[in-house]
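Undergrad: First the structure, which I've put down as structure tokens, then a few questions once you've had a look.
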Amino acid sequence: MNKSIRQILFLFLIIQGTAYAQNTTIDSLIDLNQTLQNEKKVNNLINISRQYFIDGDDGAENYAWEAISLSTQINFEEGKGKAYLFLALCMDNINVDSSLKYYSLSGEILSKINHPWAGYAFENSAGKFRIRGWYPEALHHYLLALEVYQNSKDTTQICKTISGIGYVYNTMGDNPTAIEWQKKALFLASNIDDPSLKGLIYGRIGIAYDEMSRFDSAHYYNKMAIGLFRKSNEYNYLTRWLSNIGNTYVQQKNYPEAEKYILEAISYIDQESLKTSSYTNLANIYINTNRYQEAKLLLDSAFYFAQKFKQKDFLTEVYFRNHELYSKLGQYEKSLQYFSAYSQLKDSILNAENTNQVANMRVRYETEQKENQLLTEIANRDRLEKENALAEIVISNRNRLIIIILSTGVAAIFLLLFIYQRKKSKLKAEQDAAIISERESGIRAIFEAQEQERSRIAKDLHDGIGQQISAIKLHFQNMVSDILEVNPKLGENLSKMISMIRDVGDETRSISHQMMPKSLTQLGLVDALQDMIDKSFTGTSISCRFEHYNLEVRLPQNIETGLYRIAQELIVNIIKHSKATQVDIQLMKIENNCIFIVQDNGQGMQNGGKKEGIGMMNITNRIRTMNGNLNIESSQQNGTTATIKIYLG
């Protein structure tokens, strides 16, 4: 049971004006219900609903509805608002759309009578919206909750709500704003004796700094957080932030420290469903420190837990780490199988999310129509319907048993289908891998043939046509001096022809250089790129900065040629289409990877960076033949960034 629900349940234990509140068993509360009327009966119905909810019984929802019905009849707004709040809690894990609707109704009703519980309704709504990714709605409801808590001068809840607002900004990727809100919360928390709350705020600041790659600040705040979590025995938070610190050290490639914190996090985990992520993170450390057997054992365990608890997001990470592991072991066929599984699962998750968004909108509409009809019927319920509700509890228990039996049978059928589908998917993956390999070999051969033909044509232009044009120009120059004395007008025409011949020669040399530049073949990629940049941007309004690192040793010829052709394509696109004023080009070699980045501040690509068109298709195919990958980020506000990463082996 999460912390916000525990707080609400505690509040229900202290409902004002009920002399009978000491009767805590369901039977005594039901018996007492027969003797009560009006507002006292509403509060007692809420207590019965609370008790059923604690026991995990479906009767909780029925008594909440009964409390709403009676509150509506006697015009008891406070009781109706509280009952809707508790009904929303009942629906949290059943129907999120219904839960959000009831939180909204509770907040609206209670805020109109200035009741402090309106803050809980708005705050819980905000949390649900944040989880769904509806960030404007989440911020709106957090601000509504903040207003309620400020009016009631509840410093602790003000602090929690401000921290919640900061966490929404962090989830949106606006980390500077997130840190501003969290530091406001931290200032308030300094006067509150709640180490767990302070730890959560410190930890959220640490998350923001980590995402900004400010690792020293991230370590400071995260370590402050785990100290406070240890002090308050908050082991769930402690486990999470120990993992966060470990992951930060992984980003810094400080694997011994990362391993220490991840292992400590694992030592606190007592639920199998929470082990998947930590085991995968630890396996990543072992892969990077060449402890492959230990990494394999951890990934096997993580795979088991991810499948057992249907954790698709974690399963994609397990597939990807297995891909890295077998790649380092030199088992490339198995590595490709895991990468294919990773790609397929990632695509299926994305498609499922898109489908769920459409389905959720439809369910929200249908649910709202159904619930509006139900609210109308509630006002007409009589005493007989209330008694029937108790009988329905017995029927519900019987139905639950039937559902369990049917579910077991269905699960067995699905297990058999899963085994069949898994074998079928494995066979398809092997076929796809063979097709991909053959296709890439063909593409590689095409590009090699293109480069050979370019080189041949460039040589013919330079050594053949270029030399002949130079000879013709020399002969004409020798003729001019003699003809000028005899026929000045003819001499002038010959001078113009010499100028035209010179232009043809220059154009021929330029074409030859573009097809296979000398600087690339003789001096290498860095000098060739610098030469191309100087010539391409001269005479334009675009300023270009070129940086390179760790390229003292030349790259393989096919890599240099491929990156040079890609740079040509990208620079031409920038000059023609981007309307940029600044271009930054970076080329670096880091360990066994070559990274090439081209960034401009222009108007972005019309298709948002999607790989369409002949030019982008050529770039993509070239990168694939070089065992690399391409990532393009483009927007009208930030321009376009193309990042190419090539594994050198």
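The values are calculated or read from the model by the stated rules, or taken from the named source; none is laboratory data. Nothing here was measured: the structure is a model prediction, and the numbers come from that model. Glycine also receives a Cβ, built like all others from the backbone with ideal geometry; neighbour counts cover every protein chain displayed. Note: accessible area is taken over every heavy atom of the protein model, side chains too, but ligands, DNA and RNA are not part of it. Shrake-Rupley method; radii C 1.70, N 1.55, O 1.52, S 1.80 Å.
Undergrad: How far apart, in nm, are two points set 7 Å out from the Cα along the Cα-to-Cβ line at residue 28 and at residue 348?
TA: Reported label-point gap for residue 28 and residue 348 is 5.3 nm.
Undergrad: Oh, and also: Compute from the Cα atoms of the stretch 126-198 the Rg and the Dmax, the latter being the longest Cα-Cα distance, and quote both in angstrom.
TA: Considering the stretch 126-198 through its Cα atoms, Rg and Dmax are 11.9, 33 Å.
Undergrad: Using every alpha carbon pair in the stretch 293-354, what percent of pairs falls into each 10 Å bin from 0 up to the bin containing the largest distance?
TA: 24, 51, 22, 3
Undergrad: For the stretch 581-598 and the stretch 54-84, compute the distance between their C-alpha centroids and round to whole Å.
TA: Result: 63 Å between the Cα centres.
Undergrad: Please list 324-331, 241-248, 48-55 highest first by mean number of surrounding beta-carbon atoms within 10 Å per residue.
TA: Going by the mean number of other Cβ atoms within 10 Å, highest first, we get 241-248, 48-55, 324-331.
Undergrad: Can you sort 212, 626 by solvent-accessible area, 1.4 Å probe, largest first?
TA: 212, 626
Undergrad: How much length would be gained if the chain were fully extended between residue 268 and residue 552, taking 0.36 nm per residue of separation minus their Cα-Cα distance, in nm to one decimal?
TA: Contour length minus Cα-Cα distance gives 97.4 nm.
Undergrad: Straight-line reach only, C-alpha to C-alpha below 20 angstrom: list the lysines that residue 496 could link to, leaving out same-chain residues fewer than 8 apart.
TA: Answer for residue 496, where 20 Å is the Cα cut-off: 473, listed by chain and number.
Undergrad: Here is a further query. Which percent of Cα-Cα pairs in the stretch 570-643 sits in each 5 Å bin, short to long?
TA: Distribution as computed: 3, 15, 26, 26, 17, 9, 3, 0 percent.
Undergrad: Give me the net charge for the shell around residue 326: Cβ to Cβ below 12 angstrom, other residues only, Lys and Arg +1, Asp and Glu -1.
TA: Overall, the nearby charge balance is +2.
Undergrad: I've got another one for you. With respect to the cross-link table entries 253/296; 260/296; 223/253; 231/310, which display a Cα-Cα separation exceeding 25 Å?
TA: 231/310
Undergrad: Roughly how far apart, in whole Å, are the Cα centres of the stretch 394-412 and the stretch 256-279?
TA: 36 Å
Undergrad: A follow-up question, please. Would you calculate the separation in nanometres between label points at residue 252 and residue 521, each defined as 7 Å from the Cα along the Cα-to-beta-carbon direction?
TA: About 5.0 nm separates the two model spin labels.
Undergrad: If the chain between residue 309 and residue 545 were fully stretched, how many nm would it gain, using 0.36 nm times the residue separation less the Cα-Cα distance?
TA: That pair, residue 309 and residue 545, stretches by 79.9 nm at full extension.
Undergrad: Please give the peptides 178-186, 118-126, 153-161 ranked by average Cβ packing (other Cβ atoms within 10 Å per residue), highest first, as a rough proxy for protection.
TA: Highest-to-lowest ranking by the protection proxy: 118-126, 178-186, 153-161.
Undergrad: Please find the FRET efficiency linking residue 74 to residue 187, where r is the Cβ-Cβ separation and R0 is fixed at 35 Å, and quote it to the nearest 0.05.
TA: Efficiency, from the Cβ-Cβ distance: 0.20.
Undergrad: Give me the one-decimal nm value for the distance between modelled label points at residue 332 and residue 150, 7 Å along each residue's Cα-to-Cβ direction.
TA: 6.3 nm
Undergrad: Full extension from residue 538 to residue 403: what is 0.36 nm times the residue separation minus their Cα-Cα distance, to one decimal in nm?
TA: 41.1 nm
Undergrad: Search the structure for amide H atoms under 5 Å from the amide H of residue 604, placed 1.01 Å from N in the peptide plane, and list their residues when 5 or more places away or on another chain.
TA: Placed amide hydrogens put 639, 640 under 5 Å from residue 604.
Undergrad: Mind ranking 614, 472 by accessible surface for me, highest first, 1.4 Å probe?
TA: The ranking, largest first, comes out as 614, 472.
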